[in-house]
1. If you roll a 1.4 angstrom probe over the protein chains with everything in place, what fraction of the accessible area of the range 105-219 belongs to carbon and sulfur, to the nearest %?
2. Using amide H atoms built 1.01 Å from N in the peptide plane, name the residues 5+ places from Val232, or on other chains, whose amide H lies under 5 Å from its own.
3. Tell me the per residue accessible area of the chain using a 1.4 Å probe; a whole number in Å² is fine.
4. When DSSP assigns beta bridges and you keep just the ones with both residues in the range 260-382, what percent turn out antiparallel, to the nearest 5?
5. Can you spot the lysines whose alpha carbon is less than 20 Å from Lys145's alpha carbon? Ignore those fewer than 8 places along the same chain.
6. What is the angle, in °, between the Cα long axis of helix 15-26 and the longest principal axis of the Cα atoms in the chain? Nearest 10 is fine, range 0 to 90.
7. Would you mind checking which residues have amide H under 5 Å from Gly381's amide H? H placed 1.01 Å from N; only 5 or more apart, or other chain.
8. Express the relative contact order of the range 328-468 as a whole percentage, based on alpha carbon pairs under 8 Å and six or more residues apart in sequence.
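The values are calculated or read from the model by the stated rules, or taken from the named source; none is laboratory data. None of the values given here were measured: they were computed from a predicted structure. Backbone-built Cβ (ideal geometry, glycine too); neighbour counts: all protein chains shown. When the accessible area is computed, the model is the full protein with side chains, heavy atoms only, and any ligands, DNA or RNA have been set aside. Shrake-Rupley method; radii C 1.70, N 1.55, O 1.52, S 1.80 Å.
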Amino acid sequence: MTNIQFIAKSVATTSINIEKTVQLLLEDCTIPFISRYRKDQTGNLDEVFIEQIAKLNKEYEVIIKRKEAILKAIEEQGQLSPELKIKMQESFDLKELEDLYLPFKKKKKTRADVARENGLEPLAKIIMAQNNDDVDFIATQYLNKTVINEDDALQGARDIIAEWINENIYVRKQLRRIYQRKAIITTKVSKAKKEDQEAQKFSQYFDWSENLSKAPSHRLLAMLRAENEGFVKLKIEIDPDNSGEEAIEMMNEIIIKRQNDTTPHLHLAIEDSFKRLLHPAISNESLQEAKAKADINSIQVFANNLGQLLLAPPLGEKRILAIDPGFRSGCKVVCLDENGVLLYNENIYPHAPQNESAMAMKKIRSMVNAYQIDAISIGNGTASRETEFFIKKIAFDKPVQVFVVSEAGASVYSASKIARDEFPNYDVTVRGSVSIGRRLSDPLAELVKIDPKAIGVGQYQHDVDQPN
(Lines give C-alpha, C1' and ligand atoms only; values in the text may rest on other atoms or scores of the structure.)
Protein backbone atom coordinates (compact mmCIF):
# COMPACT_ATOMS: atom_id res chain seq x y z
CA MET A 1 0.00 0.00 0.00
CA THR A 2 1.37 3.42 -0.97
CA ASN A 3 1.11 6.53 1.19
CA ILE A 4 -1.52 7.93 -1.20
CA GLN A 5 -3.67 4.80 -0.83
CA PHE A 6 -3.20 4.88 2.95
CA ILE A 7 -4.36 8.51 3.15
CA ALA A 8 -7.23 7.98 0.70
CA LYS A 9 -8.79 5.48 3.13
CA SER A 10 -9.44 8.31 5.61
CA VAL A 11 -9.74 11.49 3.49
CA ALA A 12 -12.76 12.07 1.26
CA THR A 13 -11.09 13.48 -1.84
CA THR A 14 -9.48 12.23 -5.04
CA SER A 15 -6.10 10.51 -5.13
CA ILE A 16 -4.68 13.21 -7.43
CA ASN A 17 -5.57 15.92 -4.89
CA ILE A 18 -3.86 13.91 -2.15
CA GLU A 19 -0.79 13.31 -4.32
CA LYS A 20 -0.43 17.03 -5.16
CA THR A 21 -0.89 18.02 -1.51
CA VAL A 22 1.72 15.51 -0.30
CA GLN A 23 4.16 16.78 -2.93
CA LEU A 24 3.70 20.35 -1.70
CA LEU A 25 4.23 19.24 1.89
CA LEU A 26 7.43 17.45 0.85
CA GLU A 27 8.59 20.77 -0.66
CA ASP A 28 8.29 22.29 2.85
CA CYS A 29 5.17 24.29 2.00
CA THR A 30 3.14 25.08 5.13
CA ILE A 31 -0.53 24.23 5.55
CA PRO A 32 -1.64 27.92 5.53
CA PHE A 33 0.45 28.55 2.41
CA ILE A 34 -1.02 25.57 0.56
CA SER A 35 -4.60 26.38 1.57
CA ARG A 36 -4.23 30.00 0.47
CA TYR A 37 -1.93 29.98 -2.52
CA ARG A 38 -2.04 26.50 -4.06
CA LYS A 39 -5.79 25.90 -4.42
CA ASP A 40 -5.36 25.30 -8.13
CA GLN A 41 -3.11 22.30 -7.39
CA THR A 42 -5.03 20.75 -4.48
CA GLY A 43 -8.53 20.92 -5.91
CA ASN A 44 -9.56 23.71 -3.49
CA LEU A 45 -8.90 21.61 -0.38
CA ASP A 46 -9.24 23.71 2.77
CA GLU A 47 -6.82 23.80 5.71
CA VAL A 48 -8.69 21.06 7.61
CA PHE A 49 -8.25 18.51 4.80
CA ILE A 50 -4.61 19.51 4.24
CA GLU A 51 -3.81 19.18 7.94
CA GLN A 52 -5.41 15.72 7.94
CA ILE A 53 -3.37 14.67 4.89
CA ALA A 54 -0.14 15.92 6.50
CA LYS A 55 -0.90 14.02 9.71
CA LEU A 56 -1.71 10.77 7.89
CA ASN A 57 1.40 11.05 5.70
CA LYS A 58 3.61 11.34 8.81
CA GLU A 59 1.76 8.41 10.37
CA TYR A 60 2.46 6.34 7.24
CA GLU A 61 6.18 7.21 7.38
CA VAL A 62 6.36 6.16 11.05
CA ILE A 63 4.66 2.83 10.24
CA ILE A 64 7.01 2.13 7.31
CA LYS A 65 10.15 2.89 9.36
CA ARG A 66 8.99 0.76 12.26
CA LYS A 67 8.02 -2.07 9.93
CA GLU A 68 11.47 -2.05 8.30
CA ALA A 69 13.18 -2.11 11.70
CA ILE A 70 11.06 -5.02 12.92
CA LEU A 71 11.59 -7.06 9.74
CA LYS A 72 15.34 -6.50 9.93
CA ALA A 73 15.47 -7.50 13.61
CA ILE A 74 13.53 -10.73 13.04
CA GLU A 75 15.55 -11.57 9.90
CA GLU A 76 18.82 -11.18 11.80
CA GLN A 77 17.53 -13.77 14.26
CA GLY A 78 16.90 -16.13 11.32
CA GLN A 79 13.22 -16.49 12.25
CA LEU A 80 11.50 -14.54 9.47
CA SER A 81 9.19 -17.04 7.79
CA PRO A 82 7.49 -16.21 4.45
CA GLU A 83 4.07 -16.21 6.18
CA LEU A 84 5.21 -13.77 8.85
CA LYS A 85 6.84 -11.52 6.26
CA ILE A 86 3.57 -11.32 4.28
CA LYS A 87 1.62 -10.51 7.45
CA MET A 88 4.08 -7.73 8.33
CA GLN A 89 4.03 -6.26 4.84
CA GLU A 90 0.22 -6.24 4.70
CA SER A 91 -0.23 -4.64 8.11
CA PHE A 92 -0.42 -0.86 8.49
CA ASP A 93 -1.43 -0.77 12.14
CA LEU A 94 1.34 -0.01 14.64
CA LYS A 95 -0.28 -1.99 17.45
CA GLU A 96 -0.67 -5.02 15.21
CA LEU A 97 2.95 -4.74 14.09
CA GLU A 98 4.15 -4.64 17.71
CA ASP A 99 1.98 -7.68 18.52
CA LEU A 100 3.54 -9.59 15.63
CA TYR A 101 7.01 -8.61 16.85
CA LEU A 102 6.40 -9.39 20.53
CA PRO A 103 7.45 -13.12 20.44
CA PHE A 104 10.77 -12.14 18.82
CA LYS A 105 11.75 -9.24 21.09
CA LYS A 106 15.02 -9.67 22.94
CA LYS A 107 15.83 -8.11 26.28
CA LYS A 108 18.85 -5.87 25.84
CA LYS A 109 21.81 -7.33 27.68
CA THR A 110 25.13 -5.59 28.33
CA ARG A 111 28.54 -7.16 27.97
CA ALA A 112 28.92 -6.90 31.74
CA ASP A 113 25.67 -8.83 32.25
CA VAL A 114 26.98 -11.65 30.09
CA ALA A 115 30.26 -11.70 32.03
CA ARG A 116 28.39 -11.89 35.34
CA GLU A 117 26.30 -14.79 34.03
CA ASN A 118 29.58 -16.51 33.20
CA GLY A 119 30.71 -16.16 36.82
CA LEU A 120 33.42 -13.56 36.23
CA GLU A 121 32.41 -10.93 38.78
CA PRO A 122 34.76 -12.31 41.51
CA LEU A 123 37.66 -12.04 39.07
CA ALA A 124 36.68 -8.43 38.32
CA LYS A 125 36.71 -7.68 42.06
CA ILE A 126 40.18 -9.20 42.42
CA ILE A 127 41.54 -7.03 39.57
CA MET A 128 39.78 -3.94 40.94
CA ALA A 129 41.31 -4.54 44.41
CA GLN A 130 44.80 -4.32 42.80
CA ASN A 131 46.37 -6.66 45.38
CA ASN A 132 47.47 -9.62 43.22
CA ASP A 133 50.47 -9.95 40.94
CA ASP A 134 49.60 -13.16 39.11
CA VAL A 135 46.25 -12.24 37.53
CA ASP A 136 46.72 -14.55 34.52
CA PHE A 137 47.00 -17.58 36.79
CA ILE A 138 43.98 -16.51 38.86
CA ALA A 139 41.97 -16.14 35.63
CA THR A 140 42.44 -19.84 34.86
CA GLN A 141 40.33 -20.65 37.92
CA TYR A 142 37.26 -19.10 36.25
CA LEU A 143 37.23 -21.14 33.06
CA ASN A 144 34.06 -23.03 32.17
CA LYS A 145 32.02 -24.11 29.13
CA THR A 146 31.45 -20.52 27.99
CA VAL A 147 34.77 -19.07 29.18
CA ILE A 148 37.25 -21.27 27.34
CA ASN A 149 40.56 -19.52 28.11
CA GLU A 150 42.09 -16.91 30.39
CA ASP A 151 41.86 -14.18 27.71
CA ASP A 152 38.08 -14.60 27.62
CA ALA A 153 37.96 -14.55 31.41
CA LEU A 154 40.02 -11.37 31.65
CA GLN A 155 37.99 -9.69 28.88
CA GLY A 156 34.77 -10.46 30.73
CA ALA A 157 36.22 -9.12 33.97
CA ARG A 158 37.27 -5.92 32.18
CA ASP A 159 33.72 -5.54 30.81
CA ILE A 160 32.38 -5.63 34.37
CA ILE A 161 35.02 -3.15 35.58
CA ALA A 162 34.21 -0.81 32.66
CA GLU A 163 30.57 -0.79 33.77
CA TRP A 164 31.58 -0.09 37.38
CA ILE A 165 33.70 2.86 36.22
CA ASN A 166 30.81 4.11 34.10
CA GLU A 167 28.61 4.10 37.22
CA ASN A 168 31.24 5.81 39.41
CA ILE A 169 29.69 9.11 40.55
CA TYR A 170 33.02 10.83 41.17
CA VAL A 171 34.41 9.87 37.75
CA ARG A 172 31.29 11.19 36.03
CA LYS A 173 31.44 14.44 38.01
CA GLN A 174 35.08 15.04 37.04
CA LEU A 175 34.35 14.18 33.42
CA ARG A 176 31.51 16.70 33.30
CA ARG A 177 33.92 19.40 34.44
CA ILE A 178 36.27 18.55 31.59
CA TYR A 179 33.43 18.60 29.06
CA GLN A 180 32.14 21.92 30.42
CA ARG A 181 35.54 23.49 29.74
CA LYS A 182 36.76 21.66 26.66
CA ALA A 183 33.83 20.17 24.77
CA ILE A 184 34.10 21.01 21.06
CA ILE A 185 31.13 20.81 18.73
CA THR A 186 32.12 19.66 15.25
CA THR A 187 30.01 19.36 12.12
CA LYS A 188 30.82 17.67 8.81
CA VAL A 189 28.68 17.77 5.70
CA SER A 190 26.80 14.62 4.78
CA LYS A 191 28.26 13.53 1.43
CA ALA A 192 24.88 12.24 0.29
CA LYS A 193 23.26 15.65 0.85
CA LYS A 194 26.16 17.98 -0.03
CA GLU A 195 24.79 18.88 -3.46
CA ASP A 196 21.21 19.26 -2.20
CA GLN A 197 20.00 22.80 -2.87
CA GLU A 198 18.30 22.93 0.54
CA ALA A 199 21.63 22.09 2.17
CA GLN A 200 23.27 25.27 0.85
CA LYS A 201 21.63 27.44 3.49
CA PHE A 202 23.69 25.45 6.03
CA SER A 203 26.93 25.61 4.00
CA GLN A 204 28.62 27.49 6.87
CA TYR A 205 28.42 24.26 8.89
CA PHE A 206 29.78 21.87 6.24
CA ASP A 207 33.10 21.91 8.11
CA TRP A 208 32.69 23.73 11.41
CA SER A 209 34.26 23.41 14.85
CA GLU A 210 34.11 25.56 17.98
CA ASN A 211 34.00 25.38 21.77
CA LEU A 212 30.53 24.20 22.77
CA SER A 213 30.24 26.51 25.78
CA LYS A 214 31.05 29.56 23.62
CA ALA A 215 28.75 28.78 20.68
CA PRO A 216 26.03 31.47 20.37
CA SER A 217 22.51 30.14 20.83
CA HIS A 218 21.41 30.91 17.26
CA ARG A 219 24.44 29.08 15.83
CA LEU A 220 23.94 26.00 17.99
CA LEU A 221 20.26 25.81 17.04
CA ALA A 222 21.20 26.19 13.37
CA MET A 223 23.66 23.28 13.62
CA LEU A 224 21.08 21.11 15.34
CA ARG A 225 18.51 21.92 12.66
CA ALA A 226 21.05 21.06 9.95
CA GLU A 227 21.69 17.72 11.66
CA ASN A 228 17.98 17.00 12.11
CA GLU A 229 17.42 17.60 8.41
CA GLY A 230 20.28 15.26 7.53
CA PHE A 231 22.60 17.84 5.95
CA VAL A 232 25.46 17.56 8.45
CA LYS A 233 26.77 15.07 10.98
CA LEU A 234 27.39 16.52 14.42
CA LYS A 235 29.60 15.22 17.22
CA ILE A 236 31.00 16.39 20.53
CA GLU A 237 34.72 15.96 21.27
CA ILE A 238 37.06 17.12 24.02
CA ASP A 239 40.23 17.25 21.92
CA PRO A 240 40.93 17.63 18.20
CA ASP A 241 41.72 13.96 17.59
CA ASN A 242 38.92 12.76 19.92
CA SER A 243 41.31 10.44 21.76
CA GLY A 244 40.10 11.62 25.17
CA GLU A 245 43.66 11.64 26.47
CA GLU A 246 42.98 14.12 29.29
CA ALA A 247 39.81 12.34 30.37
CA ILE A 248 41.49 8.90 30.38
CA GLU A 249 44.45 10.25 32.34
CA MET A 250 42.09 11.70 34.94
CA MET A 251 40.29 8.35 35.22
CA ASN A 252 43.62 6.53 35.60
CA GLU A 253 44.52 8.78 38.55
CA ILE A 254 41.20 8.04 40.24
CA ILE A 255 41.04 4.29 39.63
CA ILE A 256 44.64 3.03 39.69
CA LYS A 257 46.10 3.03 43.20
CA ARG A 258 49.23 0.91 42.70
CA GLN A 259 51.29 -0.64 39.90
CA ASN A 260 51.26 -4.42 39.49
CA ASP A 261 49.94 -7.11 37.11
CA THR A 262 46.40 -5.72 37.40
CA THR A 263 47.43 -2.30 36.04
CA PRO A 264 47.39 -3.14 32.26
CA HIS A 265 43.91 -4.64 32.64
CA LEU A 266 42.67 -1.54 34.47
CA HIS A 267 44.11 0.67 31.73
CA LEU A 268 42.20 -1.32 29.12
CA ALA A 269 38.98 -1.25 31.16
CA ILE A 270 39.26 2.51 31.70
CA GLU A 271 39.82 3.21 28.01
CA ASP A 272 36.93 0.93 27.07
CA SER A 273 34.65 2.53 29.68
CA PHE A 274 35.41 6.01 28.39
CA LYS A 275 35.05 5.32 24.66
CA ARG A 276 32.13 2.88 24.78
CA LEU A 277 30.09 4.12 27.74
CA LEU A 278 31.10 7.43 29.28
CA HIS A 279 31.92 9.54 26.23
CA PRO A 280 28.63 8.85 24.41
CA ALA A 281 26.63 9.57 27.59
CA ILE A 282 28.48 12.66 28.82
CA SER A 283 28.85 14.20 25.36
CA ASN A 284 25.13 13.81 24.75
CA GLU A 285 24.43 15.27 28.18
CA SER A 286 26.69 18.26 27.41
CA LEU A 287 24.92 18.86 24.12
CA GLN A 288 21.51 18.71 25.79
CA GLU A 289 22.63 21.21 28.44
CA ALA A 290 23.94 23.56 25.75
CA LYS A 291 20.67 23.16 23.85
CA ALA A 292 18.69 24.01 27.01
CA LYS A 293 20.74 27.20 27.49
CA ALA A 294 20.32 28.12 23.83
CA ASP A 295 16.57 27.62 24.20
CA ILE A 296 16.45 29.97 27.18
CA ASN A 297 18.46 32.66 25.37
CA SER A 298 16.41 32.37 22.19
CA ILE A 299 13.12 32.42 24.07
CA GLN A 300 14.24 35.55 25.93
CA VAL A 301 15.08 37.31 22.65
CA PHE A 302 11.73 36.19 21.29
CA ALA A 303 9.92 37.42 24.42
CA ASN A 304 11.58 40.85 24.26
CA ASN A 305 10.70 41.28 20.58
CA LEU A 306 7.18 40.01 21.11
CA GLY A 307 6.67 42.38 24.04
CA GLN A 308 7.56 45.36 21.88
CA LEU A 309 5.21 44.16 19.15
CA LEU A 310 2.27 43.58 21.50
CA LEU A 311 2.74 46.99 23.11
CA ALA A 312 2.63 48.83 19.77
CA PRO A 313 0.12 51.69 20.08
CA PRO A 314 -3.27 51.06 18.41
CA LEU A 315 -4.58 53.42 15.75
CA GLY A 316 -7.88 53.58 17.58
CA GLU A 317 -11.46 53.55 16.38
CA LYS A 318 -10.93 54.26 12.72
CA ARG A 319 -12.46 52.76 9.62
CA ILE A 320 -9.74 50.74 7.88
CA LEU A 321 -9.24 49.40 4.39
CA ALA A 322 -6.83 46.45 4.64
CA ILE A 323 -4.86 44.98 1.73
CA ASP A 324 -3.12 41.61 1.58
CA PRO A 325 -0.83 42.32 -1.42
CA GLY A 326 0.08 39.86 -4.15
CA PHE A 327 1.07 39.63 -7.81
CA ARG A 328 -0.42 36.67 -9.69
CA SER A 329 -3.32 36.09 -7.28
CA GLY A 330 -4.04 39.81 -6.90
CA CYS A 331 -4.51 41.92 -3.79
CA LYS A 332 -7.19 40.90 -1.30
CA VAL A 333 -9.01 44.00 -0.01
CA VAL A 334 -11.39 44.25 2.96
CA CYS A 335 -13.18 47.20 4.58
CA LEU A 336 -13.57 47.22 8.37
CA ASP A 337 -15.64 49.51 10.60
CA GLU A 338 -14.43 51.17 13.82
CA ASN A 339 -14.81 47.89 15.74
CA GLY A 340 -13.03 45.71 13.19
CA VAL A 341 -16.25 44.28 11.77
CA LEU A 342 -15.99 43.15 8.14
CA LEU A 343 -18.10 45.36 5.86
CA TYR A 344 -16.94 44.41 2.37
CA ASN A 345 -14.28 42.38 0.53
CA GLU A 346 -12.99 42.31 -3.04
CA ASN A 347 -9.95 41.40 -5.15
CA ILE A 348 -8.01 43.89 -7.25
CA TYR A 349 -5.21 43.21 -9.79
CA PRO A 350 -3.02 46.32 -10.06
CA HIS A 351 0.24 44.40 -10.67
CA ALA A 352 1.63 42.00 -13.26
CA PRO A 353 0.52 39.85 -14.95
CA GLN A 354 -2.97 41.44 -15.09
CA ASN A 355 -1.85 45.11 -14.72
CA GLU A 356 -5.39 46.35 -14.15
CA SER A 357 -4.18 49.41 -12.24
CA ALA A 358 -6.80 51.85 -13.58
CA MET A 359 -9.65 49.53 -12.59
CA ALA A 360 -8.00 48.89 -9.21
CA MET A 361 -7.64 52.63 -8.51
CA LYS A 362 -11.30 53.16 -9.32
CA LYS A 363 -12.35 50.36 -6.95
CA ILE A 364 -10.14 51.61 -4.10
CA ARG A 365 -11.47 55.18 -4.44
CA SER A 366 -15.01 53.84 -4.52
CA MET A 367 -14.51 51.74 -1.36
CA VAL A 368 -12.80 54.59 0.52
CA ASN A 369 -15.73 56.90 -0.24
CA ALA A 370 -18.51 54.34 0.24
CA TYR A 371 -17.26 53.07 3.62
CA GLN A 372 -15.77 56.38 4.86
CA ILE A 373 -12.30 54.88 5.26
CA ASP A 374 -9.84 56.76 7.52
CA ALA A 375 -6.69 54.63 7.04
CA ILE A 376 -5.25 51.94 4.77
CA SER A 377 -3.30 48.97 6.19
CA ILE A 378 -0.98 47.08 3.79
CA GLY A 379 0.67 43.75 4.67
CA ASN A 380 4.45 43.70 4.40
CA GLY A 381 4.67 40.46 2.38
CA THR A 382 5.04 39.87 -1.36
CA ALA A 383 4.25 42.97 -3.48
CA SER A 384 4.03 45.18 -0.37
CA ARG A 385 6.21 48.01 -1.69
CA GLU A 386 4.56 47.96 -5.10
CA THR A 387 1.11 48.09 -3.48
CA GLU A 388 2.10 50.96 -1.18
CA PHE A 389 3.44 52.91 -4.18
CA PHE A 390 0.23 52.17 -6.08
CA ILE A 391 -2.00 53.36 -3.20
CA LYS A 392 -0.06 56.59 -2.74
CA LYS A 393 -0.66 57.48 -6.38
CA ILE A 394 -4.43 57.55 -5.83
CA ALA A 395 -5.99 61.00 -5.40
CA PHE A 396 -8.53 60.55 -2.61
CA ASP A 397 -11.27 63.07 -1.86
CA LYS A 398 -10.06 63.33 1.74
CA PRO A 399 -6.79 62.67 3.62
CA VAL A 400 -6.25 58.92 4.14
CA GLN A 401 -3.34 57.60 6.21
CA VAL A 402 -1.38 54.69 4.72
CA PHE A 403 0.48 52.17 6.92
CA VAL A 404 2.53 49.03 6.23
CA VAL A 405 2.05 46.41 8.98
CA SER A 406 3.62 43.01 9.66
CA GLU A 407 1.57 40.17 8.25
CA ALA A 408 3.65 37.46 9.99
CA GLY A 409 1.25 34.85 11.31
CA ALA A 410 -1.74 36.16 9.34
CA SER A 411 -1.77 32.99 7.25
CA VAL A 412 -1.64 30.86 10.39
CA TYR A 413 -4.55 32.79 11.91
CA SER A 414 -6.57 32.62 8.70
CA ALA A 415 -6.42 28.81 8.72
CA SER A 416 -7.15 28.47 12.46
CA LYS A 417 -10.33 27.40 14.22
CA ILE A 418 -10.63 30.88 15.76
CA ALA A 419 -10.75 32.44 12.29
CA ARG A 420 -13.23 29.84 11.04
CA ASP A 421 -15.49 30.55 14.01
CA GLU A 422 -15.26 34.32 13.40
CA PHE A 423 -15.79 34.12 9.64
CA PRO A 424 -17.47 30.81 8.78
CA ASN A 425 -18.70 32.12 5.41
CA TYR A 426 -15.36 33.44 4.15
CA ASP A 427 -12.20 31.69 2.95
CA VAL A 428 -8.66 32.03 4.26
CA THR A 429 -7.75 34.93 1.95
CA VAL A 430 -10.46 37.19 3.38
CA ARG A 431 -9.65 36.19 6.96
CA GLY A 432 -5.96 37.02 6.43
CA SER A 433 -6.79 40.47 5.10
CA VAL A 434 -9.05 41.15 8.08
CA SER A 435 -6.17 40.24 10.40
CA ILE A 436 -3.89 42.73 8.60
CA GLY A 437 -6.46 45.48 9.10
CA ARG A 438 -7.08 44.69 12.74
CA ARG A 439 -3.35 44.73 13.48
CA LEU A 440 -3.42 48.42 12.70
CA SER A 441 -6.49 49.26 14.76
CA ASP A 442 -5.60 47.09 17.79
CA PRO A 443 -2.41 44.96 17.48
CA LEU A 444 -2.66 43.33 20.90
CA ALA A 445 -6.25 42.13 20.45
CA GLU A 446 -5.37 40.53 17.10
CA LEU A 447 -1.94 39.02 17.84
CA VAL A 448 -3.12 37.13 20.94
CA LYS A 449 -5.13 34.89 18.60
CA ILE A 450 -1.94 33.55 16.98
CA ASP A 451 0.49 30.94 18.28
CA PRO A 452 3.49 33.08 19.41
CA LYS A 453 6.03 31.06 17.39
CA ALA A 454 4.13 31.96 14.18
CA ILE A 455 4.44 35.72 14.69
CA GLY A 456 8.02 35.72 13.38
CA VAL A 457 9.88 37.92 15.87
CA GLY A 458 12.53 35.44 17.02
CA GLN A 459 15.26 33.11 15.78
CA TYR A 460 14.61 29.38 15.51
CA GLN A 461 11.43 29.64 17.60
CA HIS A 462 10.23 26.39 16.02
CA ASP A 463 13.36 24.54 17.22
CA VAL A 464 13.36 25.49 20.91
CA ASP A 465 11.71 23.42 23.64
CA GLN A 466 8.04 24.23 22.94
CA PRO A 467 6.68 23.88 26.53
CA ASN A 468 9.07 26.66 27.58
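1. 48
2. Amide H neighbours of Val232, under 5 Å, 5+ apart: Ser190, Glu227.
3. On the way: 25440 Å² over 468 residues.
Value for the chain: 54 Å² per residue.
4. Expressed as a percentage, antiparallel bridges in the range 260-382 total about 75.
5. Those lysines meeting the cut-off are Lys109.
6. Between the helix axis and the principal axis of the chain, the angle is about 70 degrees.
7. Glu407
8. On the way: 170 pairs, mean separation 29.9, N = 141.
The normalised contact order for the range 328-468 reaches 21 percent.
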